[in-house]
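The values are calculated or read from the model by the stated rules, or taken from the named source; none is laboratory data. These numbers were taken from a predicted model, which means no experiment stands behind them. For neighbour counting, all protein chains shown are included, and Cβ atoms are generated from backbone atoms with ideal geometry for every residue, glycine included. All accessible areas refer to the heavy atoms of the entire protein, side chains included, with ligands and DNA or RNA removed. Shrake-Rupley method; radii C 1.70, N 1.55, O 1.52, S 1.80 Å.
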Amino acid sequence: MEHRVATVRRRPTPLDPYPARRSSEESAGEHARPRELGADAVAVLEGRTFMFSDSVGDVPPGSVGGLLHEDTRFLSRWELGIGGQPLSLLKSSPVDYHSAAFFLANPPLPGLAANSLAVRRLRLVGAGVLEQLAVLNTAPEPIAFELRLACGADFADLFEVKGAVRDRSASIRSAVDPHGRWLRFRYGVPGFLAETTVRIERSEILEGVDEGVAAEAWPRLEEDVFTWAVELQPRQVLVAVAKVCLRVNGATFEPAQEAFGQRQEPEGPLTEWLQRIPRCDSSSAALNSVFRQSVVDLAALRITGELLGETYVLPAAGLPWFMTLFGRDTLITSLQTLWVGPGLARGALHLLGALQGTQVDDFRDEEPGKIMHEVRSGELTQLGLKPHNPYYGTADATPLWLILLSEYWRFTLDDAFVRRRWQNVRAALDWIDRHGDRDGDGYVEYQTRSPEGLGNQCWKDSWDGIQFADGAIPHLPIATVEIQGYVYDAKLRVAELARRVIGDEALAERLEREALELRRRFNDDFWSDERGGYYVVGLDGDKRRIDSMTSNMGHALWSGVVPDDRARAVAGHLMSDQLFSGWGIRTLAVGDRGYNPIGYHVGTIWPHDNAIVALGLARYGFRDEANRIALAQLEAAGFTGHRLPEAFAGFERWVSRFPVPYPTACSPQAWATGAPFLLLQAMLGLEAADGRLRLDPRVPDELGRILVRGLHALGKEWDVEAAGTDGEIRPAS
């Protein structure tokens, strides 16, 4: 209770990720909080355009669903019904990341038995939406009915979609085609213009599936509803194609006319990256499936472009809410996938380096040398109401950028790439020592200066993600345990680059001294002899130890900042019943007051977190423990289509025979998608160092033999094969 009283008495700081969601200016005219679409919701995406619907393909008004592009919702209603009633679900599923299929039927209606009309919706997303509607009369007699497609656009900013959406109706104008072919919504305020056009491209009755045209059947358009009033003979089909086109300020986006189910990836950096992905052939069908799914999901989450004369491909953070560049998420995903293909890491380093902070900007939490946190492009950001153009509120992205640069160089030996970014390296080091260390105590702390800023700026960035063991919320600034480990690792790695690439021995020696001094002080200040000895999660603004027991100390193992004589105690805690559930390591120990198995950062299990911890355990020789995590995560993926979600509940295995998903987890989510690659790397003991690939396998018996073909490293292709503790690296055959 002492901490709780002290937090209230002193300068309490609300750790609210987006306090503006409840600001007075947004409360006027706001709708009720949007409702979720359920666990069976369907999302498809292409680039930064995605559509999120319920299981029948509808976007009900007042829900979190819709068609979003560049952080603006262009469709907030998209409902298909017959006879004024919603359709019944038979089966729906994404076909791939940019298309989905929905198989539906009519509900019982007056004079019409259920399932007399079979309905199929095929949806293709790409610079807009192309949706094919097909209604088949399965009955032996003619059926007259009305098919209605209701549309709406609220042009909500993505920051509002899951919170309180402001009513923009006074500024939205609609226009309709007198012939019923198209409908347009237009929203404009000074500095921002958005437009949605829904056009019926095709509408006809066929004699049967894939047979000749019997008649055209165009709908009538009343306000925002397309209505087909038709009569179908037995086995006749009504087929219509709706096209949704978008406009943002001066740019227009229109989906290409493509055959549904057929798609050719355009040539470019993504295609090149996919073609160079190594293949995983193991004795484990589960491992092979997870590997393949992760490759597909990485392709779905990619962002491509060109900046400063260099093309790039890199991962966005996650679907559906984080299809944008994030500093920490993008960097960790790139680290996870570096051995799979260095192109993602190269793109992340290039783009994040180009966006590195250059000035002190309190509203954006920007400082010289700081690596950004998040970029957004919706109305609130463009008009300066949100600081995300870009926003810099993260304390770990800067050392992680240095770590990724080092690891990229170790796998590629690309000296020129490092030399071209040496000014970025020096600026990042300066940020760590000056702005990152806010009070000169040698630790990197965080504290937002922006009224729209994040309270917690470590990876557990929810408002209660960092707390004392008694549940009290610490006040800022906060120095977390894992960030100090990142800084220690970053300085040692940059020392290597300074010595071997730049030839600056003085800088190398200085950084090594600073890293060793940080390690000494860290192990005095962050270590607690309570509970058998462990690392606290951080230090608060009064340098009090924030004494909760968390998975964060596993990141310290990954960084190498833990002395050998303390590693066993850390490993013991991580694998104890307090933290390890049987499905993975929880974010917060069961015995701490704030533990909640479905709390975002206070008891859930995060695959990326588990993968980093597993690599840390393997680094200190705890290979069986690392394998136990890897096998649990691979098994968990088997319950979700071989895809690991962003997070799942921290319930013990005996409570549930399957992992329980976190209610609003992103799926796919970038660093969860990359986690299997890091787990596989830990099992193989694969690393690049001193111009060589090294292999030290400890493959679990459950996985048998693992063969990775076509791994790209050191300018060559390699095959890696391992079983048990035996392994071989050889030139690719």
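Some values worked out for this structure:
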quantity: Peptides ranked, highest mean first, by Cβ atoms within 10 Å: ranges 117-127, 232-242; calculated: 117-127, 232-242
quantity: Estimated translational D of segment 500-544 in µm²/s (Stokes, Kirkwood radius over Cα pairs; 20 °C; 1.002 mPa s); calculated: 167
quantity: Nearest-20 debye value, the chain charge dipole, Cβ charges on Lys, Arg, Asp, Glu; calculated: 220
quantity: Nearest-ten-degree value, helix 397-412 long axis tilted from longest Cα axis of the chain; calculated: 90
quantity: Gyration tensor (alpha-carbon) shape descriptor, segment 398-472, a/c threshold 1.5; calculated: prolate
quantity: Segment 599-733 - convex hull of the alpha-carbon atoms, volume per residue in Å³; calculated: 126
quantity: Carbon and sulfur %, accessible surface of segment 655-715 computed with the full protein complex present, 1.4 Å; calculated: 43
quantity: Net lengthening on full extension, Ala229/Asn389 (0.36 nm per residue, minus Cα-Cα); calculated: 52.8 nm
quantity: Cβ charges +1 (Lys, Arg) and -1 (Asp, Glu), total dipole of segment 108-229, debye; calculated: 460
quantity: Amide hydrogen neighbours beyond the local backbone of Phe326, cut-off 5 Å, H modeled; calculated: Ala317
quantity: Efficiency of FRET from Cβ geometry, Glu216 and Val296, R₀ 35 Å, rounded to 0.05; calculated: 0.35
quantity: Within the accessible area of segment 38-185 (1.4 Å probe), percent carbon and sulfur; calculated: 55
quantity: Within-15-Å neighbourhood charge of Gly369 [Cβ basis; K, R +1; D, E -1]; calculated: -1
quantity: Two-site label geometry, Glu717 and His179: point separation in nm, points 7 Å out along Cα→Cβ; calculated: 5.4
quantity: On Cα atoms only, tilt of 422-431 relative to the major axis of the chain in degrees; calculated: 80
quantity: Rounded if a/c under 1.5, otherwise prolate or oblate - segment 589-650, Cα gyration tensor axes; calculated: oblate
quantity: Selection of trypsin sites (Lys or Arg not before Pro), segment 409-451, meeting DSSP coil and at most 11 other Cβ within 10 Å; calculated: none
quantity: Extension gain, Ala113 back to Thr640 (0.36 nm per residue minus Cα-Cα distance, nm); calculated: 186.2 nm
quantity: Partner lysines for Lys543 [C-alpha distance under 22 Å; skip if fewer than 8 residues away on the same chain]; calculated: Lys460
quantity: The chain: mean projected area of Cα convex hull, nm²; calculated: 33.1
quantity: Cross-link reach list, lysines versus Lys386, counting only Cα pairs under 18 Å and skipping chain neighbours closer than eight places; calculated: Lys162
quantity: Solvent exposure ordering (accessible area, 1.4 Å, most first) of Val248, Val290; calculated: Val248, Val290
quantity: At R0 = 41 Å, FRET efficiency that the Cβ-Cβ distance of Arg692 and Asp470 yields, to 0.05; calculated: 0.25
quantity: Length gained when the stretch Ser88-Thr664 is fully extended (0.36 nm per residue, less Cα-Cα span); calculated: 204.9 nm
quantity: Candidates per trypsin sites (Lys or Arg not before Pro) in segment 522-581, loop by DSSP, up to 15 other Cβ within 10 Å; calculated: Lys543
quantity: Cut-off 15 Å between beta-carbons: net charge of the residues surrounding Trp527, Lys and Arg +1, Asp and Glu -1; calculated: +1
quantity: Rounded if a/c under 1.5, otherwise prolate or oblate - segment 440-479, Cα gyration tensor axes; calculated: oblate
quantity: 1.4 Å probe accessible area per residue over the chain, in Å²; calculated: 37
quantity: Nearest 10 degrees, 0 to 90: helix 481-497 Cα axis against the chain principal axis; calculated: 70
quantity: Counting DSSP beta bridges with both ends in segment 670-733, the antiparallel % (nearest 5); calculated: 100
quantity: Dipole of the chain, positive end: most advanced residue of Leu301, Pro60, Gln236 [Cβ charges, Cα centre]; calculated: Leu301
quantity: Residue-count net charge about Leu338 - beta-carbon cut-off 14 Å; Lys, Arg +1, Asp, Glu -1; calculated: +1
quantity: FRET efficiency for Arg199 and Ala732, using Cβ-Cβ distance with R0 set to 51 Å, rounded to 0.05; calculated: 0.55
quantity: Percent RCO, i.e. relative contact order, over segment 518-616, from Cα pairs under 8 Å lying at least 6 residues apart; calculated: 23
quantity: Between segment 161-236 and segment 608-673, the Cα center-to-center distance that results, in Å; calculated: 43
quantity: Peptides ranked, highest mean first, by Cβ atoms within 10 Å: ranges 279-286, 294-301; calculated: 294-301, 279-286
